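A.B. asks: The following block contains the structure, expressed as structure tokens.
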Amino acid sequence: MFKYFVITVICLFSSLGSWAQELQCEVVVNSDMVQISDRRVFVELRNAIANFLNNRRWTNEVYRPEERINCRLVITIREAPQVGTYTAIAQIVSSRPVYGTGYETLLMSIADQSWAFDYTEAQPLQFSENTYTSRLASLLSFYAYLIIGSDRDSFSRLGGTPLYDRALQVQTNVASQGLGDPSWLSSGEQRNRYYLLNNLQNPQMEGYRQAIYLYYRQGMDIFIQQPDKARTNILAAIRAIQQVAQIRPGSAVLRSFFDTKSDEIVSVFRGAQPAEKQAVVEILSQIDPTNVSKYQSIMQR
């Protein structure tokens, strides 16, 4: 009897070992722009960030190793005004697999121009969901929740809502410190972290999040088996985004969407019927004029 109990316990722990955290994030720290004699601190920084993002359970959901969200964080250090204090640009990119293919479709690509944080070598990164711990932990946890939330939105309608609520708690914790950092505040520029999250939680923007589900789950995920139906659904998603753009032109999430998806949209619709091509080019030229020349290439044979 004892032998069977031991076997059961071993099997249980083996099963638990097959579960994983949510993120599989590659971290790059580029310090070429700053002059510091001992550059080991940047190796330690990279390792600390990777451990913080990849070894933490961000939700109560169970993820298998193959279900982890692929993402990449590139931090380019711009200045080190004093020992342990840095300003940087961060590029946050995440993707998800398309069903039935080996293709990874981009979910998020954000260039955050206003990363300011403190770090000293061998400093542990602490995080508490309900209290402020540090500027770096706040930045990392905020984007961790946004990455997981955008992934959830792509698999289920409005599935990312609980994650965006947690990101809001991070933002609230930072604001409570009175740091005066405009990148977290409504007084900052229109594409900062405050507006990015505000867009995702604003009821006026709900149509955008519905469109994300339509684009990915009912568009990209069926493209190999049903390309015509997939294009129809993706065009419907773009029309829904057009309606949101008419209400909230220039919104942070809309700009991020087109920065991320414009090339993929062009590839998807190059094989469409002429009328569908014309429709998507007209809509996209109106709501994303920055990439109009790119969209016009859809009409080329």
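The values are calculated or read from the model by the stated rules, or taken from the named source; none is laboratory data. Remember, it's a predicted structure, so these values are computed and weren't measured experimentally. Cβ sites come from the backbone with ideal geometry, for glycine too, and all protein chains shown count toward neighbours.
A.B. asks: Quick one: Ile224 ticks every box in (1) among the hydrophobic types (A, V, I, L, M, F, W, C); (2) farther than 28 Å from Val268 by Cα; (3) in a loop (DSSP other than H, G, I, E, B) except a single one, so which number is it?
C.D. replies: (2)
A.B. asks: While we're here: Restricting to the range 62-91, what's the tally of residues that are surrounded by 12 or more Cβ atoms within 10 Å (Cβ to Cβ) and either among the acidic types (Asp, Glu) or within 18 Å of Phe42 (Cα to Cα) (or both)?
C.D. replies: The total comes to 18.
A.B. asks: Among the polar types (S, T, N, Q), part of a helix (DSSP H, G or I) and buried (at least 18 other Cβ atoms within 10 Å of the Cβ): which single residue out of Ser262, Ser256 fits that description? Walk me through it before giving the result.
C.D. replies: Working: Ser262 fails: buried (at least 18 other Cβ atoms within 10 Å of the Cβ).
Of Ser262, Ser256, the one residue that is among the polar types (S, T, N, Q), part of a helix (DSSP H, G or I) and buried (at least 18 other Cβ atoms within 10 Å of the Cβ) is Ser256.
A.B. asks: Still on this structure, I have one more. Give the residues of the range 56-75 that are under 18 Å from the mean Cα position of the chain (by Cα) and of a type outside the set (D, E, K, R), sorted by residue number.
C.D. replies: Trp58, Thr59, Tyr63, Ile69, Asn70, Cys71, Leu73, Val74, Ile75 - these are the residues of the range 56-75 that are under 18 Å from the mean Cα position of the chain (by Cα) and of a type outside the set (D, E, K, R).
A.B. asks: Still on this structure: Quick check: is even one residue across the range 204-215 in a helix (DSSP H, G or I) and surrounded by fewer than 17 Cβ atoms within 10 Å (Cβ to Cβ)? Don't jump to the end; show me each part of the working.
C.D. replies: Narrowing the range 204-215 to residues in a helix (DSSP H, G or I): 204-215.
Imposing the further condition that a residue be surrounded by fewer than 17 Cβ atoms within 10 Å (Cβ to Cβ) reduces the set to 204, 206.
Within the range 204-215, one or more residues are in a helix (DSSP H, G or I) and surrounded by fewer than 17 Cβ atoms within 10 Å (Cβ to Cβ).
A.B. asks: In addition: Say we look at the range 125-136 and pick out the residues that are part of a loop (DSSP other than H, G, I, E, B) and touching a residue at least 40 places away in the same chain (Cβ under 8 Å); which of these is surrounded by the fewest Cβ atoms within 10 Å (Cβ to Cβ)?
C.D. replies: Pass one, the range 125-136, residues part of a loop (DSSP other than H, G, I, E, B): 125-127, 129-130, 132-134.
Adding the requirement that they be touching a residue at least 40 places away in the same chain (Cβ under 8 Å) leaves 125, 127, 129-130, 132.
Values: Leu125: 18, Phe127: 18, Glu129: 11, Asn130: 8, Tyr132: 17.
Applying the filter and picking the extreme gives Asn130.
A.B. asks: Just name the residue that is surrounded by the fewest Cβ atoms within 10 Å (Cβ to Cβ) out of those in the range 189-203 that are outside any helix (DSSP H, G or I) and in contact (Cβ under 8 Å) with a residue 24 or more places away in the chain.
C.D. replies: To start, the set of residues in the range 189-203 that are outside any helix (DSSP H, G or I) comprises 189-192, 202.
Subsequent filtering for residues that are in contact (Cβ under 8 Å) with a residue 24 or more places away in the chain retains 190-192, 202.
On the way: Gln190: 13, Arg191: 20, Asn192: 21, Asn202: 17.
Only one residue tops the list, namely Gln190.
A.B. asks: Condition (residue is aromatic (Phe, Trp, Tyr) and over 20 Å from Asp153 (Cα atoms)) applied to the range 72-87: is it met by at least one residue?
C.D. replies: Applying the first criterion (aromatic (Phe, Trp, Tyr)) to the range 72-87 yields 86.
Pick out the ones that are also over 20 Å from Asp153 (Cα atoms) and you get 86.
Checked against the condition, which is being aromatic (Phe, Trp, Tyr) and over 20 Å from Asp153 (Cα atoms), the range 72-87 yields at least one hit.
A.B. asks: Select from the range 61-111 the residues that are of a type in the set (Phe, Trp, Tyr) and touching a residue at least 24 places away in the same chain (Cβ under 8 Å) and write down the one among them that is farthest from Phe223 (Cα to Cα).
C.D. replies: From the range 61-111, those of a type in the set (Phe, Trp, Tyr) are 63, 86, 99, 103; that's our starting set.
Filter once more, so that each one left must be touching a residue at least 24 places away in the same chain (Cβ under 8 Å): 63, 86, 99.
Numbers: Tyr63: 25, Tyr86: 44, Tyr99: 9 Å.
Restricting to residues being of a type in the set (Phe, Trp, Tyr) and touching a residue at least 24 places away in the same chain (Cβ under 8 Å), the top hit is Tyr86.
A.B. asks: Something else about it: Quick check, is Leu139 at pLDDT below 95, closer than 17 Å to Asn54 by Cα, aliphatic (A, V, I, L, M) and buried (at least 17 other Cβ atoms within 10 Å of the Cβ)?
C.D. replies: Details: at pLDDT below 95: no; closer than 17 Å to Asn54 by Cα: yes; aliphatic (A, V, I, L, M): yes; buried (at least 17 other Cβ atoms within 10 Å of the Cβ): yes.
Considered against the rule, which asks whether it is at pLDDT below 95, closer than 17 Å to Asn54 by Cα, aliphatic (A, V, I, L, M) and buried (at least 17 other Cβ atoms within 10 Å of the Cβ), Leu139 comes out as no.
A.B. asks: What pairs come up if the first residue lies in the range 223-247 and is touching a residue at least 40 places away in the same chain (Cβ under 8 Å) and surrounded by 13 or more Cβ atoms within 10 Å (Cβ to Cβ), the second is outside any helix (DSSP H, G or I) and among the polar types (S, T, N, Q), and their beta carbons are under 6 Å apart, counting only those six or more places apart or on different chains?
C.D. replies: The qualifying pairs are Ile224/Thr101.
A.B. asks: Counting residues that are closer than 24 Å to Asp32 by Cα and in contact with a helix residue (DSSP H, G or I) (Cβ under 8 Å, 6 or more places away or on another chain), which strands (runs of 3 or more DSSP E) fully inside the range 50-124 reach at least 3?
C.D. replies: On the way: elements: 69-82, 85-97, 104-118.
It comes to 69-82, 104-118.
A.B. asks: Condition test on Ser150, is it in a helix (DSSP H, G or I), out of contact with any Leu (no Cβ under 8 Å at 6 or more places or on another chain) and buried (at least 20 other Cβ atoms within 10 Å of the Cβ)?
C.D. replies: no
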